[in-house]
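Here the structure comes first, spelled out in structure tokens, and everything after it is commentary.
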Amino acid sequence: MIIPRNRPNFEFKDLLEIYPRLIKNREVIEEQCIASLEKITGFKYIILFPFARSAIYTLLNALNIKEKEIILPSYICKVVPQAVLLSQNRPVFIDILEKDFNIDLSQIKTNINQNTGVIIPALMYGNPLTDDLDTAVLQKNNILLIEDAAMAFGNRNLLSLRYPYSCVVYSFNIGKIISSIEGGMIATNNKQIYDKLNQYIYNNILSQALYGKVRIILKYFTILLFFNDFFYKLIYLLRKSEYLSTKIALDTSLKIDIDTFRIKNISNLQMLLLLSQIKKLDFEYKKREELFDYFNNNFSIMDEIQLPQKIDGSSLSHYTLITKNIKRDFLRKELHKSGIETIQAYDYSIPYLKEYSNYKGDREYPVALYISKHSITLPFYYRLSFKQAEHIVKMCKKIILYSKQKSSNV
């Protein structure tokens, strides 16, 4: 059994469903898409972007936030500090909490100064912030709050719903709760932020060339082909037999893909894909909760791994274990031999990357560093079957038992 690390929520039948509507007027589709997103998120104002990173970059430019300190968690996707640097600001990192993988809010107050312009907490793995942030301090210093909810679509437990000078950034890339192949959005209840964003976009938007629209369609079919069971198994076997050498290096460098930060319209296909997946959201949340409970119940008696907490309000975007008495890389390697791929997206803590050493200074981020070296994210998505989940549990237990026996024989 071959189980991919990830799988898109959309299928070929979704294209058949939305195909007749592809030629509809763009404004009509956009209006329907935004209305649905407003209803789900609870925000009054929404703007769609080609990527979540371009949303953050555009927001900082639209509000003329430059040469400011921007507070970030030390465990976050690398494109967020890239957006900060590209907008001519300076990242200031804070350690995270082990219980929810999120920024330690208790450290924020001591890191705020007269040059602090923005705080960007990330809702890692869909988990809401479990501690309270003193928003009075933010308000007093006129600090913008941007919640990075790239993994937390549908989460209503947001500070941005309570703090007025704020907004939320979502991502619709492959592997997110809902996906438009590429894409992102900003949601806010602040009319001033919304108006400034719209004006900046009006003055700076690039027209979407025919090539861009065709590229999205080709990418859609490529993804469907790649994740087809037969084709994916063939690729896996070729990799394993070394006929196809595809060792993918984790790109954590400061190299910035400028094109992904530019402002462009997303296509009709992307918006229709979002609408088709929104219809299935209740089923997806229910399936994720059932899978999460299944994993936690079946891993509960194992001392070698620490299970993720099920936090109220979490969108449960990932299932991430912390290895304790077993080497993470050994577990990952053995799972891969068994046909189970795992996600390597966050095997780093940003300040410890060589390229970010100027922003680390002499500070340490022990929790983020530990999590980056010991976390392992199992396959966890809407289209994962319970038969596959059972196989994952079985193989994890088998590998852990083998490791235990091997250690006791040394």
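The values are calculated or read from the model by the stated rules, or taken from the named source; none is laboratory data. Here the structure is a predicted model, which means the values were calculated and not measured. Methodologically, a virtual Cβ is constructed for each residue, glycine included, from the backbone with ideal geometry; neighbour enumeration extends over all protein chains shown.
So in the stretch 277-313, with the set limited to residues that are under 25 Å from ASP131 (Cβ atoms) and among the charged types (D, E, K, R), which one is farthest from the chain's Cα centre (by Cα)? The extreme case among them is ASP293. The helices (runs of 4 or more DSSP H) found wholly in the stretch 293-410 and carrying at least 2 residues that are touching a Pro at 6+ places or on another chain (Cβ under 8 Å) and more than 25 Å from PRO8 (Cβ to Cβ) occupy 357-360.
Rundown of residues vs (1) exposed (fewer than 15 other Cβ atoms within 10 Å of the Cβ); (2) at pLDDT 95 or above; (3) among the hydrophobic types (A, V, I, L, M, F, W, C), yes/no style:
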| site | (1), (2), (3) |
| --- | --- |
| GLU284 | no, no, no |
| GLU290 | yes, yes, no |
| TYR319 | no, yes, no |
| LYS324 | yes, no, no |
| ARG332 | no, no, no |
| HIS336 | no, no, no |
| GLY339 | no, no, no |
| LYS354 | yes, no, no |
| ALA368 | no, yes, yes |
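Summed over the stretch 1-58, residues that are within 23 Å of the chain's Cα centre (by Cα), within 30 Å of LEU234 (Cα to Cα), surrounded by fewer than 21 Cβ atoms within 10 Å (Cβ to Cβ) and hydrophobic (A, V, I, L, M, F, W, C) total 0.
Suppose we keep only residues that are touching a strand residue (DSSP E or B) at 6+ places or on another chain (Cβ under 9 Å) and of a type in the set (S, T, N, Q) within the stretch 116-141. Which one would you say is surrounded by the most Cβ atoms within 10 Å (Cβ to Cβ)? Step through it out loud before you land on a result.
Filtering the stretch 116-141 for residues touching a strand residue (DSSP E or B) at 6+ places or on another chain (Cβ under 9 Å) gives 116-125, 129, 133, 135, 138, 141.
From what is left, the residues that are of a type in the set (S, T, N, Q) are 116, 135, 141.
On the way: THR116: 20, THR135: 16, ASN141: 13.
Looking at residues that are touching a strand residue (DSSP E or B) at 6+ places or on another chain (Cβ under 9 Å) and of a type in the set (S, T, N, Q), I get THR116.
Of everything listed in (1) at pLDDT below 95; (2) within 30 Å of ILE18 (Cβ to Cβ); (3) outside any loop (DSSP other than H, G, I, E, B), the single unmet condition for VAL137 is (2).
Of all residues in the stretch 126-162, those that are over 29 Å from GLU289 (Cα atoms), among the β-branched types (Val, Ile, Thr) and out of contact with any Lys or Arg (no Cβ under 9 Å at 6 or more places or on another chain) total 1. For the stretch 74-91, filtering for residues that are buried (at least 24 other Cβ atoms within 10 Å of the Cβ), of a type in the set (A, V, I, L, M, F, W, C) and not in a helix (DSSP H, G or I) leaves 1.
Of all residues in the stretch 320-338, those that are under 20 Å from PRO308 (Cβ atoms) have Cβ atoms under 8 Å from Cβ atoms of residues that are crowded, with 18+ Cβ neighbours inside 10 Å and of a type in the set (Phe, Trp, Tyr), 6 or more apart or on another chain, in THR320/PHE101; THR320/TYR125; LEU321/PHE299. Taken together, the residues in the stretch 160-193 that are part of a helix (DSSP H, G or I) and either within 23 Å of the chain's Cα centre (by Cα) or surrounded by fewer than 17 Cβ atoms within 10 Å (Cβ to Cβ) (or both) amount to 4.
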